[in-house]
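> Questions regarding the structure given below will be posed in turn.
What follows draws every value from the coordinates through simple rules; no lab data is involved. Being a predicted model, the structure only gives us computed values, none of them experimental. Note that we place each Cβ from the backbone using ideal geometry, even for glycine, and neighbour counts take in every protein chain shown.
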Amino acid sequence: MNALALFSNELLKRIRESHYDRVDDAVFDDYMINVHRATSALIDVGVDDDKIIQLLQKYWDLRRSEATDIVAKR
């Protein structure tokens, strides 16, 4: 391959990676919005913090420390 073709391939690869990174970020942001909504709903109906943490671990696959932080920030 010539230099122009190599440059074109590298440029295309970087554009794709940038796009995939943006998509991954958007999916993660949406995931976290839903986790926070679920947490807020459980708090609003009076569910105990320990139970909320257990539910976040079970249904959202969060580590205990992550679930505890989310509940503490609400």
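> Using Cβ counts within 10 Å as a stand-in for footprinting exposure, how do His36, His19 rank, fewest first? The partial results should precede the final answer.
Numbers: His36 13, His19 10.
Neighbour counts put them in this order, fewest first: His19, His36.
> Residue by residue, what Karplus-based ³J(HN,Hα) values in Hz, rounded to whole numbers, does segment 13-21 have, using 6.51, -1.76 and 1.60 with θ = phi - 60° and x for Gly and Pro?
4, 5, 5, 4, 4, 4, 4, 4, 5
> Between Leu62 and residues 5 or more places away or on another chain, which pairs have amide H atoms under 5 Å apart, with H built 1.01 Å from N, and which residues are they?
Long-range HN contacts for Leu62: Gln57.
> May I ask you to evaluate 6.51 cos²θ - 1.76 cosθ + 1.60, the Karplus curve with θ = phi - 60°, for each residue of segment 38-51 and list the ³J(HN,Hα) values in order in whole Hz, giving x for glycine and proline?
4, 4, 4, 4, 5, 5, 4, 8, x, 6, 4, 4, 4, 5
> Which of the peptides 8-16, 37-45 is most tightly packed, and how do the rest follow, judged by the mean count of other Cβ atoms within 10 Å per residue?
Details: 8-16: 10.3, 37-45: 13.3.
Highest-to-lowest ranking by the protection proxy: 37-45, 8-16.
> To continue, here is another question. Assign one of three labels to segment 1-44, namely rounded, prolate or oblate, based on the Cα gyration tensor with a ≥ b ≥ c the square roots of its eigenvalues; rounded applies when a/c is under 1.5, prolate when it is not and a/b is larger than b/c, and oblate otherwise.
On the way: a/c = 11.56, a/b = 10.27, b/c = 1.13.
In terms of gyration-tensor shape, prolate.
> Rounded to whole Å and sorted largest first, list the principal axis extents of the Cα atoms in the chain.
66, 19, 18
> Same structure, new question: In percent, what relative contact order does the chain have, based on Cα pairs under 8 Å that are 6 or more apart in sequence? Write out the running numbers ahead of the final one.
Details: 24 pairs, mean separation 17.3, N = 74.
Reported relative contact order: 23 percent.
> Arg16: net charge of surrounding residues, Cβ under 14 Å, Lys/Arg +1, Asp/Glu -1, itself excluded? Don't skip to the answer; put the middle values down first.
Details: positive: Lys13, Arg14, Arg22; negative: Glu10, Glu17, Asp21, Asp24.
Within the 14 Å Cβ shell, the charges total -1.
> Of Thr68, Ala41, Asn2, whose Cα points farthest to the positive end of the dipole of the chain (charges on the beta-carbon: +1 Lys, Arg; -1 Asp, Glu; origin at the Cα centre)?
Value computed over the given set: Asn2.
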